[in-house]
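Trainee: Just passing along the structure, written as structure tokens.
What follows is calculated from the coordinates using simple rules that are stated; it is not laboratory data. Please read all numbers here as calculations on a predicted model, not as lab measurements. Using ideal geometry, Cβ is built from the backbone for each residue, glycine included, and neighbour counts are taken over all protein chains shown.
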Amino acid sequence: MQRKLTKKEQEIMELFWDRGPMFVRELLDCYEDPKPALTTLSTMVRILEQKGFMAHKAFGTAHQYFPLLTREEYKKRSLTSLISDYFENSYLKAVSALVKEEKITVEELKDLIAQIEAGKEG
């Protein structure tokens, strides 16, 4: 299975995650004008299927597509991949980089640790 979605692929996956199984024509209805071409969407959905992100159920000659993983599973896998690729598989190095780049303060990190120790999620 492909590890990362392109921006357009993720846009399509978000629609499926939000709305559930759809035919390509239903997917097209999710877009505002100017809508993409039906053939373009159909091609992109088939690519997502080839990459292992989607599957389909046949209804005669029409296919209803559905995601093979949840949004949460994709996020978790993406984070794991990011940590592996850029931080030598070390979550500690990733958090350290966030602190060093001032994306999270030491106080916020302490608060997070306190929440975790108290059994809460942040």
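Trainee: Starting from the stretch 60-93, pick out the GluC sites (Glu not before Pro) whose DSSP state is loop and whose Cβ has at most 16 other Cβ atoms within 10 Å.
Mentor: Details: sites: Glu72, Glu73, Glu88; in loops: Glu88.
Answer in residue order: Glu88.
Trainee: As a test of understanding, state the convex hull volume per residue of the stretch 71-117 from its alpha carbons, in Å³. Before the final figure, lay out the partial values.
Mentor: Values: hull volume 4.2 nm³, N = 47.
So the per-residue hull volume is 90 Å³.
Trainee: Right, here's the next one. Which of the residue pairs Lys7/Lys76; Lys75/Lys103; Lys8/Lys100; Lys51/Lys110; Lys8/Lys76; Lys7/Lys110 have a Cα-Cα distance greater than 29 Å in the structure shown? Don't skip to the end; give the middle numbers.
Mentor: Numbers: Lys7/Lys76 17 Å; Lys75/Lys103 19 Å; Lys8/Lys100 32 Å; Lys51/Lys110 40 Å; Lys8/Lys76 20 Å; Lys7/Lys110 34 Å.
In this structure, Lys8/Lys100; Lys51/Lys110; Lys7/Lys110 exceed 29 Å between Cα atoms.
Trainee: Taking springs between alpha-carbon atoms closer than 10 angstrom, which of Lys35, Lys75, Lys110 fluctuates most in the Gaussian network model of the chain?
Mentor: Of Lys35, Lys75, Lys110, the most mobile in the Gaussian network model is Lys110.
Trainee: What is the fewest-to-most order of Ile83, Ile113, Ile12 by other Cβ atoms lying within 10 Å of their Cβ?
Mentor: Details: Ile83 17, Ile113 11, Ile12 24.
The order, fewest Cβ neighbours first, is Ile113, Ile83, Ile12.
Trainee: For the residues Met54, Met22, what sequence is obtained by ranking on other C-beta atoms within 10 Å, fewest first? Don't skip to the end; give the middle numbers.
Mentor: Numbers: Met54 23, Met22 18.
Sorted ascending by nearby Cβ count, the order is Met22, Met54.
Trainee: Would you mind telling me which residue in Tyr74, Tyr86, Tyr65 has the biggest mean-square fluctuation in a Gaussian network model of the chain, where springs connect alpha carbons within a distance under 10 angstrom?
Mentor: Tyr86
Trainee: For all pairs of alpha-carbon atoms in the stretch 7-67, what percent lies in each bin of width 10 Å, listed from the first bin to the last filled one?
Mentor: Each 10 Å bin holds this share of Cα pairs: 23, 64, 13, 0.
Trainee: Once you have the alpha carbon radius of gyration of the chain, what is it after dividing by 2.2 N^0.38 Å, with N set to its residue count? Could you put the intermediate results ahead of the total?
Mentor: Numbers: Rg = 19.2 Å, N = 122, 2.2 N^0.38 = 13.7 Å.
Cα Rg divided by the expected 2.2 N^0.38 Å: 1.40.
Trainee: Pairs of Cα atoms under 8 Å, at least six residues apart: use those to get the relative contact order of the chain, whole percent. Before the final figure, lay out the partial values.
Mentor: Numbers: 89 pairs, mean separation 25.9, N = 122.
Over the chain, the number comes to 21 percent.
Trainee: While we're here: By the scheme Lys and Arg +1, Asp and Glu -1, what is the net charge of all other residues having a beta-carbon under 15 Å from that of Lys35?
Mentor: Details: positive: Lys8, Arg25; negative: Glu11, Glu26, Asp29, Glu32, Asp33.
Taking every other residue near Lys35 into account, the sum is -3.
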